[in-house]
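Trainee: So that we are looking at the same thing, I have put the structure below in structure tokens.
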Amino acid sequence: MFSDIFTTLPFACALFVALFGVFVLVKGKGSVMNQLLFGFCLSMFFWMFGTFMMFYHGAQDVATAIFWDRFVYIGVIFMPPLMHHFSIFFSKITGQKKILALNYSVAVLFLLMSRSPLFVDGLYVYSWGAHSQAQILHHVFLLYFFIGTGLFFFNLYRLYKNARTKKKSRQVVLVFLAFAVVIFGGGSAFLYAYGIDTHSPFAYFSGFVFPILLFYAVSKYNFLDVRVIATEMLVGVTLFVFTLDVFLSKSILEIVLRTIMVCFIAIISALLIKSVYGQIQKKEQVARLAKSLEKANMRLRVLDRQKTEFLSIAAHQLRTPLSIIKGYLELIKDQAYGKVEKKLAHVLTDMEESNERLVKLVDEFLNISHIEQGRTKYFFEETDMNHVISSVVDEIEDKAKKKKIKIHWKPKKNIGLVYVDEDKIRNVIFNFVDNGIKYTMKGSVTITFTQKDDGVVIRIKDTGIGFDKQDEASLFTKFYRGKNVEGVNVNGTGLGIYVCRQFVSAHGGYVWGKSFGPEKGSEFGFWIPKKRTHAHSVTEQRTITKEQKIVNQYSTRKKSS
Ligand code: ADP
């Protein structure tokens, strides 16, 4: 028998790797990957345990030592196919079945050959151990060993190259390293078969390093629950050592005390394992929930996109006929197709108003869908805001007059030009003024234009229905219609000021809406910078139909006359 420490090392490694293998198998619940890992651990066990027995008998009993070295080869011979098999499952590779079958067949062949003296013969005894001596078939086996295990490293290398996440590639590297330690570090044991003494027992340390590295790798990959295995292994080893202690007791008192100790440790261990299980189950539940939430979220996003697309298509299809109807209504009202009775004129006015509401609705839908699809195009230019506000007032004055609401507006001099997309900012002002008229039953709407910091402020104050703090918090939200409009007979969609906010934000500005409370009027307004650096210079293109052309020509003629 050789020095105790060198003989004990392979024994300890054999135990360690065997324990790891059994736990992997038990935890695997029929998983092929776990069975393969168990198989590999078993191979390592044969190697380590056989080595221990060989060292134990050593030079004193050469025949028995060689017997145990052949035992070692039972494990070593099956390492290449087992590793190859494992890599196929781990990498989810298809199309290597035949090579794998060949790998196993060659291993079986070498198993048979390993019994012959042409494989190993004689014993090489060195400073701290012994090894059978390699013969001709062993040289061939060595070649096979590195080719067979090379397939594993090749598959893992491919997996590493195709890994999508950093986490995954790190796991692959760890698994790669764990096996590399066994094959290249442990492989140094082959040198003894050729009479080379490495003077270091590193080969057998691989029995410790392999499970530890693999542990770490799988804990990240989650194909084994490493925390449970780790706890159970710890508990198993502790119980084993303490139970051994009971058998080594020299008196009854010692037996009783140590048995009580074992029972105590067993209870604590059971509680520990239970709590680890509980934690893992909770974590898994949370992970499952998070996954299903993520799925639901994805589905909602898809639905939302589809809704926006539908909205966009529907609005586009409606826009053209609506503007044509509007044009023809104007033509009829202006008696371009003959005299119009007073009674009919009323009906036409109603039709125009309804049509106008529809146009506004469709425009809002179009704006929304463009905003949500990120397709809104802005065309910025130096603009006279006094002119824009005045044009809004001109357009909306009739509506205000009908409700007997006065619009106060005085252009402000010396402010200069503002860099805006005129259409969009006009739309914003129009919406705020229109709302002011819509939500005011009597009184006035006042528009002010001032300069503030590096920008301009436009305020639209009314003496209308106002709103409370709760409404204030939700204004500018898509489809939000306030509590204040519940009793009021005014149509709306809750989209207008939401669009306003988007347009103003695109100008690098901000909006607000405030009120002193219900029935105390409101103020809506916005601030935008006077200058802008990132200008968009793209205009929207629209196809004009034949009918639309007639209507457009008529409107132009009407304006110029
Ligand atoms: P709509 O007017 O079509 O409902 P808007 O987006 O223009 O949609 O306005 C959203 C909500 O903000 C309105 O439903 C209303 O509750 C409130 N609101 C907007 N402007 C005013 C205003 N001038 N006075 C009182 N409430 C207003």
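Trainee: Largest first and in whole Å, give the semi-axes of region 365-409's equivalent ellipsoid, each being the square root of 5 times a Cα gyration tensor eigenvalue.
Mentor: So the three semi-axes of region 365-409 are 29, 17, 6 Å.
Trainee: Tell me which residues come under 5 Å, amide H to amide H, from Q135 once H is placed; ignore anything under 5 positions away on its chain.
Mentor: Result for Q135 returns V120, D121.
Trainee: Another question, if that's okay. Counting other C-beta atoms within 10 Å, and keeping those with at most 16, which DSSP coil GluC sites (Glu not before Pro) do you find in region 305-353?
Mentor: E341
Trainee: For K342 and K442 in the same chain, what is the full-extension length gain: residue separation times 0.36 nm, less their Cα-Cα distance, in nm?
Mentor: Numbers: separation 100, 0.36 × 100 = 36.00 nm, distance 2.87 nm.
Gain on stretching K342 to K442: 33.1 nm.
Trainee: Quick check on the exposure proxy: order M79, M441 from fewest to most C-beta atoms within 10 angstrom. Let's see the in-between values first.
Mentor: Working: M79 25, M441 13.
Final ranking by Cβ density, sparse to dense: M441, M79.
Trainee: Going 7 Å from the Cα of Q451 toward and past its Cβ, which residues in region 395-428 have a backbone nitrogen under 17 Å from where you end up?
Mentor: Residues passing the 17 Å test: 411-420.
Trainee: Right, here's the next one. Take the cross-link list K402/K483; K29/K161; K307/K452 and give me the ones stretching past 32 Å between alpha-carbons. Mind showing how you got there, number by number?
Mentor: Details: K402/K483 26 Å; K29/K161 30 Å; K307/K452 40 Å.
Long pairs (Cα-Cα over 32 Å): K307/K452.
Trainee: Here is a further query. Which whole-Hz couplings ³J(HN,Hα) result when phi for each residue of region 127-138 is put into the Karplus expression 6.51 cos²θ - 1.76 cosθ + 1.60, θ = phi - 60°, listed in order with x for Gly and Pro?
Mentor: Going residue by residue, I get 3, 10, x, 8, 8, 5, 9, 5, 10, 3, 5, 5 Hz, with x marking Gly and Pro.
Trainee: Next question, about the same structure. Non-local amide H neighbours of M441 (under 5 Å, H modeled in plane, Pro and chain starts lacking H): which ones?
Mentor: Amide H neighbours of M441, under 5 Å, 5+ apart: I465.
Trainee: Which of rounded, prolate or oblate describes region 161-302 when judged by the alpha-carbon gyration tensor and an a/c cut-off of 1.5?
Mentor: Taking the square roots of the gyration eigenvalues as a ≥ b ≥ c, region 161-302 is oblate.
Trainee: For K483 paired with S251, estimate the spin-label separation in nm (one decimal), with each label point 7 Å from Cα along the Cα-to-Cβ line.
Mentor: Distance between the two pseudo-spin positions: 8.4 nm.
Trainee: Quick one: what are the phi-derived ³J(HN,Hα) couplings along region 199-210, Karplus 6.51/-1.76/1.60 with θ = phi - 60°, whole Hz, x for glycine and proline?
Mentor: These are the phi-based 3J(HN,Hα) values: 6, 9, x, 4, 3, 7, 5, 4, x, 8, 5, 4 Hz.
Trainee: Using the beta-carbon distance between K92 and K295 and R0 = 35 Å, what value does 1/(1 + (r/R0)^6) give for FRET efficiency, to the nearest 0.05?
Mentor: Efficiency, rounded to the nearest 0.05: 0.95.
Trainee: Are there trypsin sites (Lys or Arg not before Pro) in region 127-221 that DSSP marks as loop and that have at most 11 other Cβ atoms within 10 Å, and which are they? Kindly include the intermediate steps, with their values, before the conclusion.
Mentor: Numbers: sites: R158, K161, R164, K166, K167, K168, R170, K220; in loops: R164.
Passing both the DSSP loop test and the Cβ count: R164.
Trainee: Follow-up question, since we're still on this one. Taking a cut-off of 20 Å between Cα atoms, list the aspartates and glutamates near K339, but don't count ones fewer than 8 places away on the same chain.
Mentor: Straight-distance partners of K339: E330, D350, E352.
Trainee: Rounded if a/c is under 1.5, else prolate if a/b beats b/c, else oblate: with a ≥ b ≥ c from the C-alpha gyration tensor eigenvalues square-rooted, which is region 1-159?
Mentor: Verdict is oblate for region 1-159.
Trainee: Only counting other Cβ atoms within 10 Å, I'd like V418, V488 sorted with the fewest neighbours first. Provide the component values of the computation, followed by the final result.
Mentor: Details: V418 26, V488 13.
Result, fewest neighbours first: V488, V418.
Trainee: Then there is this: So what's the convex hull volume per residue for the Cα atoms of the chain, in Å³?
Mentor: Details: hull volume 157.7 nm³, N = 561.
Here the figure is 281 Å³ per residue.
Trainee: Count charges around M33 for me, please; just the other residues with Cβ under 12 Å from its Cβ, Lys/Arg as +1, Asp/Glu as -1.
Mentor: Summing Lys/Arg as +1 and Asp/Glu as -1 gives +3.
Trainee: At K410 and K333, where each label point lies 7 Å from the Cα along Cα→Cβ, what is the point-to-point distance in nanometres?
Mentor: 3.3 nm
Trainee: Return an integer: the convex hull volume of the alpha-carbon atoms of region 138-180, in Å³ per residue.
Mentor: Hull volume normalised by residue count: 44 Å³.
Trainee: Please sort by residue number the trypsin sites (Lys or Arg not before Pro) in region 353-393 whose DSSP state is loop and whose Cβ has at most 12 other Cβ atoms within 10 Å.
Mentor: Sites meeting the loop and neighbour criteria: R375.
Values quoted throughout were computed directly from the atomic coordinates according to the rules given, and no laboratory measurement underlies them. Note that this is a predicted model, so its numbers are computed, not measured. Here Cβ is always computed from backbone atoms with ideal geometry, including for glycine, and neighbour counts include all displayed protein chains.
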